[in-house]
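Presented below is the structure to which this report refers.
The values are calculated or read from the model by the stated rules, or taken from the named source; none is laboratory data. If you're wondering where the values come from, they're calculated on a predicted model, not measured in any experiment. Using ideal geometry, Cβ is built from the backbone for each residue, glycine included, and neighbour counts are taken over all protein chains shown.
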Amino acid sequence: MTVVGAAVPSIALARVPDGAPRPEDFVLVDLPREEVADGQVRVRVLTLSLDPYQRSTLGGRHLGDAPVGPGGLVPGRAVGEVVESRSPEVAVGSTVLAETGWRAEAVVPATAVVPVVVPPGVPLSAALGALGMPGLTAYAAHERHLRPQAGATVVVGAGTGGVGAVAGQLARLAGARAVAVVGSEEKAAIATDRLGYDEAVLRGPGLDGALAEACPDGIDGYLHLGDQATLDVVMERLAVGARVSLCGLMDQYNGAAPTRLRAGAVMAARAEVHGMVVHDHHDLALDHATRVAALLASGELVTVEDRCTGLADAPAAFARLMSGTNVGKVLVDL
Ligand SMILES: NC(=O)c1ccc[n+]([C@@H]2O[C@H](COP(=O)([O-])OP(=O)(O)OC[C@H]3O[C@@H](n4cnc5c(N)ncnc54)[C@H](OP(=O)(O)O)[C@@H]3O)[C@@H](O)[C@H]2O)c1
């Protein structure tokens, strides 16, 4: 690596988090500024995406991703501007999606950046949320796993989050009765008033009674994004023929025991249970981008974003995400 000019502000892992990450688990460092070689581009980060899968890479392993140990750059995806290019394919000034990591700028292969296209009036940050990986996850779970009929009842865990907010709106637009499970009264209000869920119920001790009222005919579809206690309660309220998508295990990522599924509840409901890995559904990317972009442009689908400013705030924002106090898709503007 040839180093040029000033240093690049970056966030490295200070120590492997024990349980839910804390801001002190990270450290702001200056990394050497690399030269752009043939076939590479320099991307200045505009908005960084914080996502729960990043937790799994910190000291551990997430699917095929390499683990990050103390001193390592925290990985992550961003929307950025190409400020230097040594590729005829990528113009300086273009806006792209790139795996930059948590840093102010990154030198990456030109073949690894994707142009960002959003409809007029839709923020570029949608490329990291509803039009990005979380949105594709929701779209694939909706199209391939839940497949709700009009009038069906679909329950979405973490219903106002990056994935959940899109999934809940797609269920509602398909004519289903959409019910959000959320962690606070504030999120419950966002779920019903902004995202159009028919009902929102709080996770925790009162969930079973609240779901009994919200889903009197049982649950036909469930998107699991959150915790074991919610999964247990929902599984016992499945309607016969229910479809379940196991998509996110927030408590397990923070070190809780591996999530368990109630076999008796699956049997009694003759349920279909699917495991979601978004990378298996890239063949839906064009459909997802076309359909969700049109819904965003028409205002039929809206986004909820939890934004902060400055790279130095990324660790605290990540800690909020992993402790469940974020409200919407977590983004850091640089
Ligand atoms: N399988 C895949 O391919 C794939 C792809 C993308 C994302 N995911 C998963 O989908 C889930 C949602 O991702 P996201 O980016 O949209 O995040 P998010 O929903 O914006 O944030 C996570 C939410 O999880 C909820 N939660 C429930 N129990 C929790 C607990 N014990 N600790 C912390 N949070 C808890 C919280 O919402 P409430 O307080 O409202 O419950 C929290 O806000 C994550 O588990 C993620 O790993 C999976």
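Right, Leu170: in contact with a Phe, Trp or Tyr (Cβ under 9 Å, 6 or more places away or on another chain) and in a helix (DSSP H, G or I) or not? Talk me through it step by step, then tell me what you get.
On the way: in contact with a Phe, Trp or Tyr (Cβ under 9 Å, 6 or more places away or on another chain): yes; in a helix (DSSP H, G or I): yes.
Yes: the conditions hold for Leu170.
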key: strands (runs of 3 or more DSSP E) wholly inside the range 1-70 containing at least 2 residues that are modelled with pLDDT of 95 or more and farther than 30 Å from Ala130 by Cα   = 26-31
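Looking only at helices (runs of 4 or more DSSP H) that lie completely in the range 191-260, which have at least 3 residues being away from the ligand (no atom under 14 Å from the Cβ)? Give the steps one after another, and end with the answer.
Numbers: elements: 207-214, 228-235, 250-253.
The qualifying helices (runs of 4 or more DSSP H) are 207-214.
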inquiry  = Looking only at the range 107-121, how many residues end up being in contact (Cβ under 8 Å) with a residue 40 or more places away in the chain, surrounded by 19 or more Cβ atoms within 10 Å (Cβ to Cβ) and touching a Leu at 6+ places or on another chain (Cβ under 9 Å)?
reply    = 2
remark   = Per the filter on the range 264-313, residues of a type in the set (A, V, I, L, M), within 16 Å of the ligand (Cβ to nearest atom) and not in a helix (DSSP H, G or I) are Val273, Met276, Val277, Leu301, Val302, Val304
request  = For the range 109-119, state whether one or more residues are at pLDDT 95 or above, closer than 29 Å to Leu301 by Cα, in a loop (DSSP other than H, G, I, E, B) and not aliphatic (A, V, I, L, M).
outcome  = no
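Residue-by-condition table, conditions (1) within 21 Å of the chain's Cα centre (by Cα); (2) polar (S, T, N, Q); (3) more than 21 Å from Glu305 (Cα to Cα):
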{"residue": "Ala180", "(1), (2), (3)": "yes, no, no"}
{"residue": "Gly206", "(1), (2), (3)": "no, no, yes"}
{"residue": "Gly218", "(1), (2), (3)": "no, no, yes"}
{"residue": "His224", "(1), (2), (3)": "yes, no, no"}
{"residue": "Thr230", "(1), (2), (3)": "yes, yes, yes"}
key: Lone unmet requirement of (1) under 25 Å from Thr192 (Cβ atoms); (2) in a loop (DSSP other than H, G, I, E, B); (3) within 10 Å of the ligand (Cβ to nearest atom) for Arg320   = (2)
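Any idea which residue in the range 279-334 is farthest from Pro9 (Cα to Cα), counting only those that are of a type in the set (S, T, N, Q) and surrounded by 19 or more Cβ atoms within 10 Å (Cβ to Cβ)? Lay out the reasoning, then the answer.
Going residue by residue through the range 279-334, those that are of a type in the set (S, T, N, Q) are 290, 298, 303, 309, 323, 325-326.
This time we only want the ones that are surrounded by 19 or more Cβ atoms within 10 Å (Cβ to Cβ), so: 303, 326.
On the way: Thr303: 29, Asn326: 25 Å.
Only one residue fits best here, namely Thr303.
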note = Considering residues that are assigned to a strand (DSSP E or B) and among the hydroxyl-bearing types (Ser, Thr, Tyr), the number found within the range 76-104 is 2
ask   = Which of (1) under 17 Å from the mean Cα position of the chain (by Cα); (2) closer than 18 Å to Gly324 by Cα does Leu170 not meet, given it meets every other one?
value = (2)
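Residue-wise test of (1) in contact with a Phe, Trp or Tyr (Cβ under 9 Å, 6 or more places away or on another chain); (2) free of Cβ contacts under 8 Å to residues at least 12 places away in the same chain.
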{"position": "Val8", "(1), (2)": "no, no"}
{"position": "Glu35", "(1), (2)": "no, no"}
{"position": "Asp38", "(1), (2)": "no, no"}
{"position": "Arg42", "(1), (2)": "no, no"}
{"position": "Gly76", "(1), (2)": "yes, no"}
{"position": "Glu81", "(1), (2)": "no, no"}
{"position": "Val92", "(1), (2)": "no, yes"}
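Going through the range 155-179 one residue at a time, which ones are away from the ligand (no atom under 16 Å from the Cβ) and in contact with a Gly (Cβ under 9 Å, 6 or more places away or on another chain)?
Step one: list which residues in the range 155-179 are away from the ligand (no atom under 16 Å from the Cβ), which gives 172-177.
Result: Arg172, Leu173, Gly175, Ala176, Arg177.
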remark   = For the range 134-153, pairs from a residue that is crowded, with 23+ Cβ neighbours inside 10 Å to a residue that is part of a helix (DSSP H, G or I) and among the acidic types (Asp, Glu), with Cβ under 8 Å and 6 or more apart or across chains, are Tyr139/Asp287; Ala140/Asp280
query = Within the bounds of the range 180-196, is there any residue that is over 25 Å from Leu50 (Cα atoms) and in contact with a Leu (Cβ under 8 Å, 6 or more places away or on another chain)?
reply = no
ask   = Cβ-Cβ below 9 Å, separation at least six or inter-chain, first residue in the range 220-245 and without any contact (Cβ under 8 Å) to a residue 24 or more places away in the chain and farther than 14 Å from Gly168 by Cα, second part of a strand (DSSP E or B) and within 13 Å of the ligand (Cβ to nearest atom): which pairs?
value = none
